[in-house]
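Data block below; observations after.
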Amino acid sequence: MDSAEQPKRPVAGIFYAAIWLLFLGFPVASALGGPAGPAWTTVALVAAIAFAAVYIWLFWVLSGEDVGVAANRRRLMVGVLALAALAALATPAAGPWVAAFTPFIAAVLVFSLPLVPGLAAGILVWLVPSSVAAQFSGTLWTLLGPGFGVAVIVFARLMEHNERRARDAQNHLQVAAERNAIARDVHDVLGHSLTVLSIKAQLARRLLDLDVDRAREELDQIDALARESLGQIRSTVTRLRTPSLASELEAARTALEAAGIRADVVVDPEVRDDGGDLFAWAVREGVTNTVRHSGATHCRIDVRPATLTIADDGAGCGGAEHGNGLLGLRERARGVGARVEVRPTHPEDERPGTTLEVRR
């Protein structure tokens with residue numbers, strides 16, 4: 001984990017850090033009740049107050065910042081040295097209980113530095129001074145007391161690290177899913193539109209020598225479809241477009257007729273075009289595959305409230321069953337608990353045709 005991975009901590013996190021300053025009461029109480037004179041006791045009290053102020057300031061200026069940046073690195077170095085100096089000033093009056101200052105210095109290092117060096121520095125800052133203090137105090141509490149605080153700090157830092165990694169992994173998954181969705185949508189829009197444009201262009205070329213007016217009409221339709229497709233691409237890329245079933249059925253009729261395929265479109269009166277786009281995408285993908293791959297002469301589209309069926313009398317599914325378009329359609333269907341099935345229309349015939357069924 002590099003320093004740029006450090007998460008931003010909200011103001012609430014700084015208040016949480018400040019709560020632990022209550023434990024500075026141990027060295028303060030030791031200074032007030034110890035044998036040191038009034039001068040050293042006063043120095044210890046002022047040092048403890050200044051220590052708390054510098055500690056809060058460091059958390060404030062370094063929260064979420066990259067300590068790899070020179071300015072932040074200087075702030076961290078100066079702040080840690082200031083904390084160490086203030087703790088040293090309190091030592092004559094506080095005695096071995098000055099070890100209570102070490103968890104705060106450790107917290108600054110653990111939460112400001114990258115994970116591994118931060119943990120190593122924080123543990124050393126606690127372990128070395130507290131071990132020395134325990135030798136002079138004759139009790140392990142000057143070692144184990146601050147050690148408990150450092151253990152809590154290490155645990156919190158590891159939890160923060162793991163949560164950060166989990167969030168990053170989730171973000172990567174979301175980005176990948178969004179890219180796949182955009183690629184799928186662009187494929188669906190471009191595949192359908194370019195297929196229709198190609199067919200109409202071929203038809204217009206054939207009509208140029210036979211019926212100029214009809215050829216001009218086809219060219220006008222090509223121009224209109226190209227403009228519409230451009231708008232669809234822009235909307236799809238910006239994730240704004242939800243296709244309409246009614247508009248897709250009308251486009252399907254146009255595409256099938258342009259390809260010389262007789263179209264029968266049957267829509268149950270109870271079907272509601274409520275903005276749900278699964279059937280609309282299915283019509284687009286199914287008709288595009290019929291026009292591109294089937295060589296069919298007839299295509300029937302049957303829309304019912306829970307089922308959409310697109311059946312043709314072409315050459316059969318072939319490789320289209322495993323293409324990107326149907327893969328994307330199946331992903332859409334899974335997202336709303338629906339099912340997509342591709343099967344032959346007439347399995348026993350020489351030309352079995354293809355049936356696409358979407359059931360929700």
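A simple count of charges around ASP220, restricted to other residues whose Cβ falls under 12 Å of its Cβ and scoring Lys, Arg +1 and Asp, Glu -1, yields 0.
So for each of 27-37, 118-128 I average, over its residues, the number of other beta carbons within 10 Å; can you give me the resulting order with the highest mean first?
Values: 27-37: 16.9, 118-128: 19.2.
Put in order of decreasing packing, that is 118-128, 27-37.
Please sort 299-308, 77-86 by packing, taking for each peptide the average over its residues of neighbouring beta carbons within 10 angstrom, highest first. All intermediate terms of the calculation are to be shown ahead of the outcome.
Numbers: 299-308: 18.2, 77-86: 16.5.
Highest-to-lowest ranking by the protection proxy: 299-308, 77-86.
Packing-based ranking of 111-117, 201-207 yields 111-117, 201-207, ordered from highest to lowest mean Cβ neighbour count within 10 Å. The 1.4 Å probe gives accessible areas that order VAL54, VAL287, VAL267, largest first, as VAL267, VAL54, VAL287.
The values are calculated or read from the model by the stated rules, or taken from the named source; none is laboratory data. Because the structure is predicted, anything quoted here is derived from the model rather than measured. Cβ coordinates were reconstructed from backbone atoms using ideal geometry, including for glycine residues, and neighbour counts include every protein chain displayed. Side chains included, ligands, DNA and RNA excluded: accessible areas come from the protein's heavy atoms. Shrake-Rupley method; radii C 1.70, N 1.55, O 1.52, S 1.80 Å.
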